[in-house]
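So the structure is just underneath, and the comments pick up after that.
The values are calculated or read from the model by the stated rules, or taken from the named source; none is laboratory data. Computed from a predicted model, the values in this text were never measured in an experiment. Glycine also receives a Cβ, built like all others from the backbone with ideal geometry; neighbour counts cover every protein chain displayed. When the accessible area is computed, the model is the full protein with side chains, heavy atoms only, and any ligands, DNA or RNA have been set aside. Shrake-Rupley method; radii C 1.70, N 1.55, O 1.52, S 1.80 Å.
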Amino acid sequence: MSETLFTGISQLVTPRPGPQRGAAMRELNMTEDAALLVKDGVTHWVGPAAQAPTAAETVDLGGRAVVPGLVDPHTHAVWAGDRLADWEAKLSGATYEEILARGGGIRSTMRATAAAGVEELVALARPRLAALRASGATTTEVKSGYGLDFDAELRMLRAVRELQAEFELRPTLLIHVPPTEGRTAYVQGVCADLIPQVAREGLAEAVDVFTEKEAFSVEETRQIFAAARTHGLRVKLHADQFHAIGGTELACEVGALSVDHLEASTEAQIRALAASDTVATILPGVTLHLGLPAAPGRKLIDAGAIVAVGTDLNPGSSPVFSTQLALALAIRLCKLTPAEALTACTVNAAHALGLPDRGSLSAGQRADFLVLHSPDWRDLPYTLGASPVQDVFLAGVKL
Ligand code: NIG
Ligand code: FE
């Protein structure tokens, strides 16, 4: 059995375990001059250093602030090619949807990704995941979705599986954009072939769908959700990014893990999310990069929703390689308070992945935590463009 007492913690700041909604998102526990006892990778005791139990080993963290490891609940970290030409087109006035409609955008990343083998995808994704982790992400979701055909989707998920040994990853099968011809057969194939195979091989834990005018309809999403359920996979959604066409309502109705984006959500979608256990995941990197309106983070929390924040790391809409930066941007762009943003990036993001065992530094939870450079935890939400994270601990072990 391993047992370590961490001391020299100026502030230990954490949300309570479990998903937090509405005003409870602001209620952090703060212990000054704290200690943290970890046994076998799990937090055993947290409290004032003066009352700390003894342990076999003691590590002095040198008077720094400690917070839970961040959970990034939404990334597309596996891709090949680049979107630099699209970005220039966008800067000259083309919209994201126009670029997609003329075969660029996601479709260009699909062509490049479909041409890459598993080892190449692994090599391309590794430094991106390392950057997210250095920024504080101790658990990271990674989606497929750039496979032009089913084999390419499976290669993406196999690449995620290969990276599992190095990173704490949660894989999702993303049904992203339909083929230009034969979409009915494509959706049938997703339901009858792709989802069953992914479930059989344990290649993903959840199925995500891009429900949008340029992508899948609500009815197609419903069919894909039904197949996911039949095969024991959870469901989640990209919805209300450009148009609120009913994806959010469907997700709440079927008890999806999360609905992500929400930039175009109106009062009706906010009400549906607030009345459900489905997490509202907002992605401020997209707002920054595409210049879209921000998701209504403030309104969602005030209405009582469970709000999470993710990077949406991807080459087209959010080249944000830092989960800490997503947290910091949610405050500036979506009007969360610093305390709400910490809750959104820890326990609520864990809930969006169906992981009740992490996100809070309290007894019984995984001991994933960050040691900041600063003695004041507020440097985590404050800092833009440099990393306030000094050390990342996964299950009590420094990486
Ligand atoms: O989350 N909106 C759809 N999918 C991604 C973008 C992917 C891409 O542009 O490559 C998103 O924003
Ligand atoms: Fe996304």
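A few remarks follow.
- Residue satisfying all of: in the stretch 357-399; in a strand (DSSP E or B) and among the aromatic types (Phe, Trp, Tyr); farthest from residue 130 (Cα to Cα) among these: 369
- Of the candidates 133, 158, the single residue that is assigned to a helix (DSSP H, G or I) and closer than 29 Å to residue 348 by Cβ is 133.
- Scan of the stretch 143-155 for residues that are part of a loop (DSSP other than H, G, I, E, B), more than 16 Å from ligand 2 (Cβ to nearest atom) and surrounded by 16 or more Cβ atoms within 10 Å (Cβ to Cβ), ordered by number: 148
- Contact map, the stretch 298-317: first residue within 24 Å of residue 96 (Cβ to Cβ) and within 16 Å of ligand 1 (Cβ to nearest atom), second residue open to solvent by 10 Å² or more (accessible area, probe 1.4 Å) and of a type in the set (D, E, K, R), Cβ cut-off under 7 Å, separation 6 or more or different chains; pairs are 313/128; 315/82; 315/83; 316/83; 316/86.
- Qualifying helices (runs of 4 or more DSSP H) (wholly inside the stretch 234-332; at least 1 residues being within 16 Å of ligand 2 (Cβ to nearest atom)): 247-254, 284-290
- Restricted to the stretch 69-83, and to residues there that are in contact with a Gly (Cβ under 9 Å, 6 or more places away or on another chain) and among the charged types (D, E, K, R), the residue that is farthest from ligand 2 (Cβ to nearest atom) is 83.
- For residue 86, the requirement of being over 26 Å from residue 327 (Cα atoms), part of a helix (DSSP H, G or I) and touching a residue at least 24 places away in the same chain (Cβ under 8 Å) is met.
- For the stretch 217-225, the condition of being within 16 Å of ligand 2 (Cβ to nearest atom), of a type outside the set (A, V, I, L, M) and part of a strand (DSSP E or B) holds for none of the residues.
- Filter pass, residue 186 being within 14 Å of ligand 1 (Cβ to nearest atom) and hydroxyl-bearing (Ser, Thr, Tyr): no
- Candidates 267, 181, 220: the one that is within 16 Å of ligand 1 (Cβ to nearest atom), open to solvent by 10 Å² or more (accessible area, probe 1.4 Å), out of contact with any Leu (no Cβ under 7 Å at 6 or more places or on another chain) and of a type in the set (Asp, Glu) is 220.
- The listed residue being modelled with pLDDT of 95 or more, of a type in the set (Gly, Ala, Ser) and open to solvent by 10 Å² or more (accessible area, probe 1.4 Å), out of 159, 199, 165, 206: 199
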